[in-house]
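J.: Okay, handing you the structure first.
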Amino acid sequence: MIHKRLMINKVCVMLGLFMLLSGCSVDSNSSNKHSKIDSKAEQRPNVVIIVADDLGFTDLGVYGGEIATPNIDALANAGVMMTDFHTAATCSPTRAMLLSGTDNHIAGVGAMDEVMQTFAPYLLGKPGYEGYLNNSVATLPEVMSAADYQTYMVGKWHLGKKEGLMPKARGFQRSFALMEGGAGHLDDRPILPSNKKSTYMEDDKAASLPENFYSSPFFTNKMKQYISERDKSKPFLSYMAYTAPHFPLQAPDSSIAKFKGKYDEGYEALAQTRLQRQKELGLIAKTTELPPLPRNIKPWASLTAEEKKISAKKMEIYAAMVSDLDSAIGDLVTYLKDEEVYDNTVIFFMSDNGAEANTPNSPAYRSFLNAFVASCCDNSYENMGKANSYVMYGPPWARAVSGVNRLYKGSTAQGGINTPAFVHFPKMIKPRQYDGIVSVMDIMPTILDFANAQHPNSAANEQNKFAPMLGESMLSMLTGQSANVHDKDYVLGAELHGNKAIRKGDWKLLSIGRPAGNGQWGLYNLADDPAELNDVSANYPEKVAELKLAWEQYAKEMGVQKMRPFKRRH
């Protein structure tokens, strides 16, 4: 099996976990009576998962960005920061993997529901292509609830909006969730013409938004409410699925004003500044250079003064959203400290995919979004960022915030699937940078180890009806008891909407469809070529053959369906 489960003895890890959580030192002569974590709330940690939406790889200060993100940076600097963390290429497939610990094609989101409805109805209903988090998987909140955790969620769901598919039905005891893939950040305006307004649900009832709604602080305040109402004798799982900085780019005027003039030098200058900062932080090699500017991006110097003015403001709004997201996360951290639960709370942070490069006029969106935006919204310079605007910053700024990574959200190139991520738990974890491969599928098994919770598909359960997790626990790596999460033979596959990749060690076989690619396989060595610029398949035919075979095995085991070129459904 391509994602083979490593058969490792976790007794030592769990013993160390118990001893650290209980404030004791680990004695090699200790009795094995402490080989399991005590089920009391003060022994098992609370868990917070923070997901940013479409955050660029270099946006955070700790990853090289100039945007002030002191709260996130403080968490990352005190935790294990990852440089080779992988998601799916877009949001709902990643969320399915996060909440199931398995591949998106197993969990029901082999393709996004919106894409299948619009372009690929022939895929709808095929196994793994239900368009929602299916019932073949046991979800993280379901398993944690069974382990006597309290489970809360706020923010973007995007994994099914019919009865029986929403957060409450899939294990969250309390939730305030956006059902669709995005929404306005200042009110409930939809992002697609098929909806009259965005759909929010609190638990299993339709919910409305308050006046003066602003997404990031609202979601934090709602989670604070749920935590305040908890049973303090039990630990909790908090899933913070923020919608920022997903389009449309919107923020209060006061937030945007802080960044006035910050991006007047343009996107090429920003990319260079961040590259230099990443080198200083040790995130990339000193010899790393930015790839050439893609042909679809005009050099900043060639823009007119008016074009520069409008383009710079788009980035100002985006930066305001990232800054305000950081403030909202800081508010949550302060609350956890006030509640005296912070020290016993594991915090996971990640972005759901790479930067969004599309605009309403992009080939993928033009047929249905361009006219909608023109009719719904006022995108004049003075109105950009307000509730009735619809702004996307497009390829130039997406290129700048992606660092050396190739392409963007929607692609299985590194720019689509390599995102910032870290784990914070000073009680057990020493600060460091981890450069090994990690998958979003590894988060659920890690949390279950922290919680001493058992997945229903296990050796102890003879009547398994759920798909097994394909991720591996990071616990032993996080605690320093092993060097890596995955061994040298680990193979990681990815596919979405016809874009494909298979990774083994530093080698990656990649196929990108048009218009960004030609649909052919290319071979890249990421250690030498992190930007995926040099296809060396002609030089290494045996490696190509090896990885093609691995891809075929992955596609067969995951049930990957072939997607035809996009043709809008009438």
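J.: Quickly estimate the mean residue ellipticity at 222 nm for the chain, helices only: each DSSP H run with n ≥ 4 gives -39500 (n - 2.57), and the total goes over all residues, rounded to 500.
T.: Helices in the chain give a 222 nm mean residue ellipticity of -8500 deg cm²/dmol.
J.: Ok, one more. Assuming R0 = 30 Å, can you tell me the calculated FRET efficiency for the pair Lys337 and Asp203, based on Cβ-Cβ distance, to the nearest 0.05?
T.: Rounded to the nearest 0.05, the efficiency is 0.65.
J.: Next question. What number comes out for the charge environment of Gly110, summing +1 per Lys or Arg and -1 per Asp or Glu over other residues with Cβ under 10 Å away?
T.: It works out to a net charge of -2.
J.: Where the centre of each part is set by its Cα atoms, how far does the stretch 184-229 sit from the stretch 462-494, in angstrom?
T.: Result: 35 Å between the Cα centres.
J.: Accessible area per residue for the stretch 136-266 in Å², computed with a 1.4 Å probe and the full protein assembly in place, what is it?
T.: That works out to 39 Å² per residue.
J.: At 7 Å along Cα-to-Cβ for each site, give me the label-to-label distance between Glu66 and Asn383 in nm.
T.: Result: 3.0 nm between the two label points.
J.: Relative to the present Cα-Cα distance, how much length would full extension add between Lys126 and Asp535 at 0.36 nm per residue of separation?
T.: 143.8 nm
J.: In debye, nearest 20, what is the charge dipole magnitude of the stretch 164-259 about its Cα centre with +1 on Lys and Arg Cβ and -1 on Asp and Glu Cβ, if you could check?
T.: With Lys and Arg at +1 and Asp and Glu at -1, about 300 debye.
J.: Karplus couplings for the stretch 545-559 from phi (6.51 cos²θ - 1.76 cosθ + 1.60, θ = phi - 60°), rounded to Hz, Gly and Pro as x?
T.: Values per residue, Gly and Pro as x: 4, 4, 6, 5, 5, 5, 5, 4, 5, 4, 4, 5, 5, 8, x Hz.
J.: Of Ser255, Leu336, Ile284, which is farthest on the positive side of the dipole of the stretch 248-399, counting Cα position, with +1 on Lys and Arg Cβ, -1 on Asp and Glu Cβ, and the Cα centre as origin?
T.: Going by the Cα projections, it comes out as Ile284.
J.: Can you give me the Cα centroid spacing of the stretch 344-374 and the stretch 49-64 in angstrom?
T.: Cα centres, the stretch 344-374 to the stretch 49-64: 14 Å.
J.: With all protein chains present, calculate the accessible area of Leu470 using a 1.4 Å probe and round the result to the nearest 10 Å².
T.: Accessible surface of Leu470 is approximately 10 Å².
J.: If a/c stays under 1.5 just call it rounded; otherwise compare a/b with b/c (prolate if a/b is bigger, oblate if not). Do that for the chain, with a ≥ b ≥ c from the square roots of the Cα gyration tensor eigenvalues.
T.: Because its axes are fairly even, with a/c under 1.5, the chain counts as rounded.
J.: Another question, if that's okay. Collect residues whose amide H, placed 1.01 Å from N in the peptide plane, falls under 5 Å from the amide H of Met153; neighbours closer than 5 in sequence don't count.
T.: Counting only residues 5 or more places away or on other chains, the set is Arg174, Ser175, Phe176, Tyr239.
J.: At a 1.4 Å probe radius, which order do Arg295, Arg274 fall into by accessible area, largest first?
T.: Arg295, Arg274
J.: Below 30 Å Cα-Cα, how many Lys pairs turn up in the stretch 288-446? Only count pairs eight or more apart in sequence, or on different chains, if you could.
T.: Here the count comes out as 17.
J.: Continuing with this model, one more query. Could you please state, rounded to a whole Å, how far the C-alpha centre of the stretch 518-546 is from the C-alpha centre of the stretch 118-140?
T.: Value for the Cα centre distance between the two parts: 31 Å.
J.: Any idea which of Asn499, Gln454, Phe566 is furthest toward the positive side of the dipole for the stretch 426-570, if Lys and Arg beta-carbons carry +1 and Asp and Glu beta-carbons -1?
T.: Comparing the listed Cα positions along the dipole, Phe566 ranks first.
J.: Quick one: accessible surface of Asp324, probe radius 1.4 Å, all protein chains present, in square angstrom to the nearest 10.
T.: Taking all protein chains as shown, Asp324 has close to 20 Å².
J.: Quick one: length gained pulling Ala374 to Asp253 fully straight, 0.36 nm per residue minus the C-alpha distance?
T.: 41.3 nm
J.: Which shape class, rounded, prolate or oblate, goes with the stretch 507-570 when its Cα gyration tensor gives a ≥ b ≥ c as root eigenvalues, a/c under 1.5 marks rounded, and past that a/b bigger than b/c marks prolate?
T.: oblate
J.: Once the whole set of protein chains is in place, how much accessible area is left on Thr304, using a 1.4 Å probe, in Å² to the nearest 10?
T.: Rounded to the nearest 10, that gives 70 Å².
J.: Can you give me the long-range amide H partners of Ala52? Hydrogens built in the peptide plane at 1.01 Å from N, cutoff under 5 Å, separation of 5 or more residues or another chain.
T.: Met350, Ser351, Asp352
J.: Does the stretch 414-547 come out rounded, prolate or oblate by the C-alpha gyration tensor, with a ≥ b ≥ c the root eigenvalues, rounded set by a/c under 1.5 and, if not, prolate when a/b is larger than b/c and oblate if not?
T.: In terms of gyration-tensor shape, prolate.
The values are calculated or read from the model by the stated rules, or taken from the named source; none is laboratory data. Worth saying up front: this structure is predicted, and the values here are computed from it rather than measured. With ideal geometry, Cβ positions are generated from the backbone for all residues, glycine too; neighbour counts draw on all protein chains shown. Side chains are part of the model used for accessible areas, which takes the heavy atoms of the whole protein and leaves out ligands, DNA and RNA. Shrake-Rupley method; radii C 1.70, N 1.55, O 1.52, S 1.80 Å.
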